[in-house]
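Student: Have a look at this one before I ask anything.
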Amino acid sequence: MKTCEFPSCPTVLLVEDEPIIRELIAIALEDLGVAVTSVETAQEGLEITSRSAFSMLLTDVRTPGAVNGLELAYQVGQSQPDTRIVVMSGYHDPSSHALPSGAVFLPKPWTLDHFIGVISDQLARSTSLRAQPAA
């Protein structure tokens, strides 16, 4: 793992149901010096964010279960307004369903350089750089 490129090492909650993609993203984030918590579903993401805050939520829109990544993004945006939110999808049309305020859309497929650029930019904007107990 590379040393952290940020003033304080950020924390990211990664929500991605495809195991290989989840692992690839986690490795890319860890190479940036980010502490990653990875889960498969948005429901798992809701459970974790009820206990901890993160610098960033990085979520796919389509995940198994009753809650999707967009609903998770809205809930985190309301309960943890300092958390940067990046929503990914190969299917979602951001013009048909608005993203939470301040959220960034990352269309799949993306190149690794584009991914790292978007994530680095959002982490640099983060004001909440360490996981903390949720209020």
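The numbers here are math on the coordinates, done by the rules we state, and not lab data. All values reported here derive from a predicted model rather than from experimental measurement. Neighbour counts are summed over all protein chains in view; Cβ atoms, including those assigned to glycine, are modelled from backbone coordinates with ideal geometry.
Student: Using amide H atoms built 1.01 Å from N in the peptide plane, name the residues 5+ places from Val104, or on other chains, whose amide H lies under 5 Å from its own.
Tutor: It is Ile85, Val86, Val87, by chain and number.
Student: What number comes out for the charge environment of Leu58, summing +1 per Lys or Arg and -1 per Asp or Glu over other residues with Cβ under 11 Å away?
Tutor: After counting each charged neighbour, the total is 0.
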